[in-house]
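I have placed the structure first, in the form of structure tokens, so that the comments after it can refer back to it.
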Amino acid sequence: MRLRLHAGEHVIVAARPQGRCLLWPVLLGLILTGAAAYWLGWAGRSAHPSGLAQWLPVLVPTVLVVLMLMFLRWVFYPLLAWLFTRFVLTNRRLIFRRGILSRREHDLPLPVIYQLDSSQSLTDRMFGGGTLSVDLGRDRSVQYRDVPHIHAFKEYVVGAVEELPMTVMFDGVDMDVELGRETEWIDDDRR
């Protein structure tokens, strides 16, 4: 993925969602693989019930195709979704990117952040992740689920907000943007 950075902007941290969201797809993948192996072993034996032997040439590929479709939908797709989801914090924005073929990108300029709140369930605490709630004021908020190392990420955001120049915080004026300085492109897969 390519990330477009403005002049003077740099990436502080880039992360994927916590690995906990892959727990059920991996377990289901193991179950489906075991089911396919069992089915092939059962279908490959020599003794079958009388009426079933004639249907095996059709039944074996059908069951394998169904298992493969289940594997693609509930194992492979969540893995790709995790792989193509990013939380990126720069010195000016908080960016959430998601999508494989079509991409959804949500940018939050740091000056609009009024308050940060983090919450963790028991499993989130075991894995170190959580949900980051960003209060934008005027009854608007954004929630980012499965943020890895939630407390460290929150501290990075707070530090980036504190480092903003006062002109950006109070009147929204950023001299680099107003002067029309060049935009830099970086490939954030290097991180």
Item to check | From the options TYR144, TYR156, residue that is over 22 Å from LEU83 (Cα atoms) and aromatic (Phe, Trp, Tyr) | outcome: TYR156
Next on the checklist: Please go through (1) part of a helix (DSSP H, G or I); (2) surrounded by fewer than 12 Cβ atoms within 10 Å (Cβ to Cβ) for LEU40 and return the number of the only condition it doesn't satisfy.
Outcome noted: (2)
Next on the checklist: Could you go through the stretch 74-84 and let me know if any residue there is closer than 26 Å to HIS149 by Cα, surrounded by 11 or more Cβ atoms within 10 Å (Cβ to Cβ), of a type in the set (Val, Ile, Thr) and in contact with a Pro (Cβ under 9 Å, 6 or more places away or on another chain).
Outcome noted: yes
Next on the checklist: Can you tell me which condition ALA47 does not meet? The list is (1) without any contact (Cβ under 8 Å) to a residue 40 or more places away in the chain; (2) part of a helix (DSSP H, G or I), and all the others hold.
Outcome noted: (2)
Checklist outcome for this item: Selection from the stretch 85-115 of residues under 15 Å from VAL147 (Cβ atoms) and loosely packed, with under 14 Cβ neighbours inside 10 Å yields HIS106
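Where a number appears in this text, it was derived from the coordinates with a stated rule and is not lab data. Values in this document were obtained by computation on a predicted structure and should not be read as measured data. Note that each Cβ is placed from the backbone with ideal geometry, even for glycine, and that neighbours are counted across all protein chains shown.
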